[in-house]
1. Which cross-chain or sequence-distant (5 or more) residues have an amide H under 5 Å from the amide H of Ser199, H modelled 1.01 Å from N in plane?
2. Once the other residues with Cβ under 14 Å from the Cβ of Leu194 are scored (Lys, Arg +1; Asp, Glu -1), what is the net sum?
3. Around Val22, what is the net charge, scoring Lys/Arg as +1 and Asp/Glu as -1 over all other residues with Cβ under 15 Å from its Cβ?
4. Could you work out the relative contact order of the stretch 85-213? I mean the mean sequence separation of Cα pairs under 8 Å and 6+ apart, divided by the number of residues, in percent.
5. Given labels modelled 7 Å from the Cα in the Cβ direction, how far is it in nm from Val163 to Glu30?
6. Cα-Cα over 29 Å: which of Lys118/Lys169; Lys93/Lys131; Lys93/Lys133; Lys14/Lys179; Lys93/Lys156; Lys118/Lys216?
7. Figure the gain on full extension for Tyr89 and Ala10 (residue separation times 0.36 nm, minus the Cα-Cα span) and round it to one decimal in nm.
8. How large is ³J(HN,Hα) for each residue in the stretch 183-197, as worked out from phi by the Karplus curve 6.51 cos²θ - 1.76 cosθ + 1.60 (θ = phi - 60°), to whole Hz, x for Gly and Pro?
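Only the coordinates and a few stated rules stand behind these numbers; no lab work does. What you see is a predicted model, and the numbers here were worked out from it, not measured in a lab. Cβ coordinates were reconstructed from backbone atoms using ideal geometry, including for glycine residues, and neighbour counts include every protein chain displayed.
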Amino acid sequence: MKNYINIDVADIDKKIYRVMTVERLLEMFETSQNVLVQPSLWDDPFENFLFNTPVLRKNGDEYISILRDRAYGQCWSLNIESDAMWRIYSPGKNGVKIQTTVRDLFNSLYRSVSEYPKISCFIGKVDYHSKSKLTSLAKEVRDNGGHIGGSFNQAKSLLMKRVAFKHEKEVRLIYLDPKNSTERNIYPYHFNPLLNVKSMTFDPRMNESLYRVYKKHIESLGFSGKIIQSGLYKELKLI
């Protein structure tokens, strides 16, 4: 449980969800890879804010810690479904929501890492704070010479967001490169969607005929989990 952050033992088998484009889903099946990205590619400018805090050298020059670019992450949610989820993450109405569990997602990463997985692989629920609280934490890091602590604290620093995002109920999978490599902004790892994806739900706004084509194709790839199209926007029928 040391690699589970803000997650109780009773919660490690909870279902979590992620919306992606159908093209990305098919790529996952084709390559058997899940792809984490550096937080710098996330939309919120406060992401990775502790690592991004400029630190003063003794001569007065500012520098950014190399640790900023050793982190990779992927965002999931405890929310089963919402209108905002589809509109934000599937703007082209070509999205699909996949479901796994906290434990299965973490294990998929942990078992794929051959070197130092105990200090490299983490999963955790996001904590939500006021902007003033996050600013205060950043100042503490600056005044402490940029020191955040070991891998656990470094991973935990990536689980802080502003209160405005609290509705997302976010869970993050995190990988910290032990070699501090900064050569790439993505981290792909081996991932078997036939084992780790439990079910999938297609965008409720997608053309139904297109949904059926995708469903048939994914089933032909060997996927035996539940595949449906969301009924979020279907008219209520009274009996």
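1. Gln99
2. Numbers: positive: Lys198, Lys226; negative: Glu30, Asp104, Glu219.
Every neighbour counted, the sum reads -1.
3. Values: positive: Arg18, Arg24, Lys93, Lys97, Arg205, Arg212, Lys215, Lys216; negative: Glu23, Glu27, Glu30, Asp203, Glu208, Glu219.
Charge balance in the 15 Å sphere: +2.
4. Working: 126 pairs, mean separation 56.2, N = 129.
With pairs under 8 Å counted, the relative contact order is 44 percent.
5. If labels sit at Val163 and Glu30, their model points lie 4.5 nm apart.
6. Numbers: Lys118/Lys169 25 Å; Lys93/Lys131 33 Å; Lys93/Lys133 37 Å; Lys14/Lys179 32 Å; Lys93/Lys156 33 Å; Lys118/Lys216 39 Å.
With Cα atoms farther than 29 Å apart: Lys93/Lys131; Lys93/Lys133; Lys14/Lys179; Lys93/Lys156; Lys118/Lys216.
7. Working: separation 79, 0.36 × 79 = 28.44 nm, distance 2.89 nm.
This chain segment gains 25.6 nm when fully extended.
8. Along the stretch 183-197, the couplings run 7, 9, 9, 10, 9, x, 9, 5, 8, 9, x, 5, 9, 9, 8 Hz.
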